[in-house]
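The block underneath contains the structure these notes are about, expressed in C-alpha cells.
Derivation of every value follows stated rules applied to the coordinates shown; laboratory data play no part. Just so we're clear, the structure is a prediction, and the values are computed from it rather than from any experiment. Note that we place each Cβ from the backbone using ideal geometry, even for glycine, and neighbour counts take in every protein chain shown.
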Amino acid sequence: MLGKCLKYDLKYIYKVLIVFYLIDIVFAIFTRILFTFDNSFMSHVLFLIASGTTISFMFSIIINNLMRVWARFVKNLYGDESYLTHTLPISKSIIYNSKFLSSIITMATSILVILLCVVIAYYSKENLEILKSTLQFFANSLNSTTIKVILTAFFVIFLEFTTILQAGFTGILLGYRENNLKMAKSIIYGFLNYLFVVVISVLIIYIIGLFNPNIMALFNSNPNNTITVDVVKTALTLGISLYIIFISIYYYIDIKIFKKGVNVL
Amino acid sequence: MELLECIHIYKDYDKKQVLKDINLKIPRGKIIGLLGKNGMGKTTLIKLINDLLTPTSGKILINGESIGINSKKIISYLPERTYLDKSMTIKETLKYFEDFYDNFDTKKAKKLIKDLDLEIDTKISKMSKGMQEKLQLILVMSRNALLYILDEPLGGVDPATRDYILDTILNNFNEDASVIISTHLISDIERILDEVIFIDKGKIILASDADKLREKENGSIDEIFRRMFKC
Amino acid sequence: MNFIFDNNRPIYIQLVEQLEIYIISGKIKSGEKLPSVRDLALKTKVNPNTMQKALAELENLKLIYTERTNGKYVTKDKKLLDKFKDKYAKEKTKKYINEMKELGFNNSEIIDYLKIKEDI
C-alpha cells in the first residue's frame, strides 16, 4: 500500500516539478552552447542571460519543490481531499510515510537535477581548475578530490532542505490541530521549528566549541583566526549528523501527532 | 453483533459541546435516515464514524472493532463536499479507487458513468459541480461495502437529480448492507427509509421504525419532525 | 405499474392496498410470477425491506404464494380473488352511498342515479 500511496504523492509533486527540471536543463544546455561560442558581444550577452536563467531556475526548482510538497500535505490531509485520504483502508503511518518519503525523494531528484545543470552549464577543465584552487586547501586536507567536496556540499544542501520540509510538516501538523487560523499558525509553527533547528545547532556547535578550541574558531570573526582543516571536517560531520538527528526527531514527532487522529473541518 | 455502535459519544469544539452522549446501534440490511436541521450534529457524528474527527470521549465500534483499517474497508462514505483530486481524469480516479479498495467494482462504476454520458477521459476539474457530485455518488455506490454513509446527498439538487440519486442508491446497495442517509430534506427521502433517527442540538431525540412512527403519530415523518422541532 | 404514496401513512400498508388492487383487477394475472422483491422495490421506488414486508402481508392474505425456489406467484384461487373483489366492491359501494346520503339523497334516488350512469 505504501507503494500505491507513494505513486500518487510523487505524481502530484512531479507533475509541475518535471517541467521546471526540463526548462532548467534546456537553459543549462543553452548556457553551455553559448559558452563555447566565439567571444562576440552578442553571444556574451546571450550567455549571461542563459546562465542567469539557469541559476534562477535552480532556485525555482527548490522553491517549487518545497511548495508542492507542502501543498500536497495540506490538501491531501486537511483539505477537501482529506475526506478521501483519511477514509482509505490504510494505516496512518503508511499515509505519513508516503508523504515523508515523497518529500525526500523529490528533494533528492531536485538537488541531482540542479547538480546536473551545473555540470551541463559550467563543467570544464578551466572552471574545475579555478574551483580546485579555491577548494584546494579543504579538498587536499579532507583527503578527497574536489568533486567529492562538491558532492558533499550538495548533500548538505539536500539535508538542509529536507530539514526545512520536515520542519514545515511538523508546523502544519501543529497548526491544523488548532481550531482557527490553521494555515497562518502552520506557517508560524513551521518557521519556529526551523528557527529551533538553527538555534539548537548553533548552540550544540558552540557547546562543543567550549571543549574544542578549533571549533570555537567558527564563532570568532577575527580575520587572523584562520579556520583549520580539522574544523571544516568536524563541522561537516557535525552538520550532517545534526541534520539527520533533526529529521529523525521531526519524523518521530509527526508520526506521534498524526496517529492521534485528525480533526478535519 | 451490531454493524455500528456508538457508545456515549461526546464531541467538543472550542469548548462548545457539539455532540452530547450519543448512543446508537445500527443493524444490518436497513436504510436509516439521520434527520435533523443543519448544524445539529449530523455531519459531526458522521465524520467521527469516518475518522475525520476524534471524539472527545466515548467509543465507536464497527463490526465490533474500533475505527481503523478494517472499518474503512467496509464503510463507503459520501461526504458533503467533493473530495476528488480535480487534476485527475475520471479514468485515473477509477484506478485510484481500484488501487485502494478491494471491494470496488470498476465494471459497475464504468457502466454507471456511461449511463451519465460522461467521457472517461474527462478531467474532474472540467466537470460541473453537479456532475462531480454524481460521479462521487457512483464511486461510493460502486463499492461492495457493508455500510454506506451518505451525508446530505440531496442538498440543493433539482427533482430530476434527486430521483437519479435515490435510484442510484436503491439500485446499488447490496442486501446485507445498511445505508445511513443524513438529510434535512425529509419529505424527499422518507419513503425509502426503514428507520429514522432524529438528532437535535447534539442529542439523539428519537430512534424508531419509520412505518411504526407514522402509524403511532398519524402523519408523515416530515410532519412529525416539524411538529417536534417547530420549524 | 404506477404507485402513488402518501407519506402520512405507513408505506407498506399502502403497498399492500395497491398491490391488492392490481391483483384483484387482474392487472397482475392470476398465476403470474411476480418480479423479485428487489425489482419490485426499484419499480416502486421504495426500500426493498418495505416491499418484503408488503409481500409478506399479501402472502398472509394468501393472495400470493411462494414456490420454494422459483419466487412468488399470484394465487390461482379464484374463490379467494372473488372474495377480495366482493370486499372491495362492498367497501366502495358503502362509501358511495354514505356520501350520497350526506348530500341528502334517499335510497330510491340513489338507485335512479346509478341507472343513468351511462349519460354522465
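Just a few scattered comments:
- Between residue A:241 and residue B:175, the FRET efficiency from the beta-carbon distance, with R0 = 60 Å, is close to 0.50.
- Filter on B:15/B:129; B:72/B:203; A:256/B:25 - keep pairs with C-alpha separation over 30 Å: B:15/B:129; A:256/B:25
- Compared with the alpha-carbon gap, the fully stretched path from residue A:216 to residue A:256 is longer by 10.7 nm at 0.36 nm per residue.
- For chain C, averaging the sequence separation of C-alpha pairs within contact (under 8 Å, six or more residues apart) and dividing by the residue count gives a relative contact order of 23 percent.
- Residue-wise HN-Hα coupling along region B:74-80, computed from phi with Karplus coefficients 6.51, -1.76, 1.60 (Hz; x: Gly, Pro): 9, 9, 10, 10, 10, x, 5
- Selected from C:13, C:23, C:97 as most flexible by GNM, with chain C as the system and alpha-carbon contacts under 10 Å: C:97
- Annotation: the protein assembly as shown has a Kirkwood hydrodynamic radius of 30.1 angstrom, from the mean reciprocal C-alpha pair distance.
- Theoretical FRET efficiency, 1/(1+(r/R0)^6), r = Cβ-Cβ of residue A:75 and residue B:14, R0 25 Å, to 0.05: 0.55
- Loop-resident sites, region B:170-206, for GluC sites (Glu not before Pro), counting at most 12 other Cβ within 10 Å (DSSP): B:175
- Mean-square fluctuations from a GNM of chain A, with a 10 angstrom spring cutoff on Cα atoms, peak among A:23, A:208, A:255 at A:208.
- Highest-fluctuation residue, A:216, A:67, A:42 considered, GNM on chain A with Cα pairs under 10 Å: A:42
- Distant alpha-carbon pairs in chain C (separation over 20 angstrom), percent: 52 percent
- Once the Cα atoms are used to define both axes, helix A:2-36 deviates from the longest principal axis of chain A by about 20 degrees.
- Toward the positive end of the charge dipole of region C:79-119, with +1 on the Cβ of Lys and Arg and -1 on the Cβ of Asp and Glu, the farthest Cα among C:104, C:84, C:114 is that of C:84.
- Restraint check, A:4/B:108; B:37/B:108; A:182/B:11; C:53/C:83; A:260/B:201; B:86/B:134, Cα-Cα greater than 25 Å: B:37/B:108; A:260/B:201
- Per-pair calculated FRET efficiency, R0 = 30 Å: residue B:38 and residue A:63 via Cβ, rounded to 0.05: 0.10
- Pairwise label distance in nanometres, residue A:19 with residue C:32, each label 7 Å out on the Cα-Cβ vector: 6.2 nm
- Pairwise alpha-carbon distances in chain A exceed 25 Å for 56% of all pairs.
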